[in-house]
Amino acid sequence: MTAKIGVALGSGGARGLSEIGVLLWLRENEIKFDYISGCSMGSIVGGFIAAGYSPQHLRKVALEIDWMDVISFLRLSFSSGSIFDWSRISRFLNDKLGDKRIEDLNIPYACVATDLNSGEEVVFSKGKLLTAVSASSCIPGMFRPVEIMDKTLVDGELSNPVPVDLAFDMGADMVIGVNTCRPIGFRTRTNDKKEEESSFLEKMDEWIGDALSRAPQPLSDLYRKLPHPEHHEGGEGRKLYDVIADSLAVVSSRILEYKSEFDGPNLMIAPPVGKYGTFELDKAEEIMDAGYREAEKMGDEIINFVEKG
């Protein structure tokens with residue numbers, strides 16, 4: 001009997017777009033998978049694939065998006081305990097995914113979120129796909145938690161950044177994981193100002209800063225630069241979203257270290273995308289290419305792993 005293969009797609013924000021490149025390489029090399037598990041950005045990428053999008057189509061969608069326009073989706077939400085309102089992004093995803101339910105997808109799929117009330121991992125294996133990916137991708141502090149099933153759900157990165165074990169639980173005999181979490185200490189911003197700042201992040205900074213400057217106190221102070229622990233006078237310091245992303249990096253690194261051993265054959269692909277910020281979505285093409293190149297680099301290892309099954 002042929003072994004059933006699962007893919008586990010991890011969190012990482014914009015870095016998770018490298019998973020599209022990995023999946024494209026797998027498709028080109030006729031490596032088929034029977035299950036998809038995902039977390040955060042991996043839940044979105046995996047959801048699209050399970051819903052019938054090919055990696056080629058998904059890459060095309062990512063390249064056609066004017067990421068500067070994404071800023072228009074990020075409406076400030078002063079009363080929700082978060083910086084941004086997810087509703088406009090939800091409408092964008094709904095336009096692409098429609099009213100699909102997980103149990104009706106082309107490929108068996110599940111994703112993870114985290115319950116803030118208990119700290120426990122919550123698995124979505126049925127129900128509305130849009131609700132599942134929204135909960136799994138809800139970066140705490142950035143977006144309002146998803147309230148469902150008497151739970152307060154946020155990003156799955158807080159409990160299971162690369163859900164390899166979930167793919168096994170779904171029925172996979174072997175799992176290919178994709179880890180796009182940023183290692184601890186890999187700063188995308190430094191105290192020394194870059195010669196060329198990302199135009200996307202600059203625009204995001206300006207937009208948020210301008211909007212918050214018009215808000216009542218203390219919200220007008222919310223987006224001030226926060227000092228780096230090793231701050232030097234004249235240094236740039238962290239932005240608020242840097243602090244949130246760095247905090248998630250610490251958590252995910254600890255969890256991945258703890259969950260480094262899985263009960264079953266697995267192979268982890270880790271595209272070298274640590275230099276990219278969580279919100280550098282305008283770098284989609286080079287991030288996706290990095291994923292493809294890493295899969296290509298590991299090509300023999302991947303093929304041998306699959307053939308042993």
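The values are calculated or read from the model by the stated rules, or taken from the named source; none is laboratory data. As the structure is a prediction and not an experimental result, all values here were calculated from the model. Quick note on the areas: whole protein, heavy atoms, side chains included, nothing else; ligands and nucleic acids left out. Shrake-Rupley method; radii C 1.70, N 1.55, O 1.52, S 1.80 Å.
Got a sec? What order do Thr2, Thr180, Thr131 fall in by accessible area at 1.4 Å, biggest, i.e. largest, first?
Solvent-accessible surface, decreasing: Thr2, Thr131, Thr180.
When all protein chains stay in place, what accessible area (Å², nearest 10, 1.4 Å probe) is found for Asp99?
Rounded to the nearest 10, the figure is 110 Å².
Which entries in Lys32/Lys100; Lys100/Lys297; Lys60/Lys297; Lys32/Lys126 show an alpha-carbon gap greater than 25 Å?
Cα-Cα > 25 Å for Lys100/Lys297; rest within.
Please report, for the Cα atoms of region 12-66, the Rg to one decimal and the Dmax as a whole number; what are they, in angstrom?
Cα radius of gyration and Dmax of region 12-66 are 10.6, 33 Å respectively.
Could you tell me the accessible area of Arg59 in Å² (1.4 Å probe, neighbours in place), rounded to the nearest ten?
Using a 1.4 Å probe on the heavy atoms, I get roughly 50 Å².
Report the accessible area of Phe143, computed with a 1.4 Å probe over the heavy atoms of all protein chains in place, in Å² rounded to the nearest 10.
20
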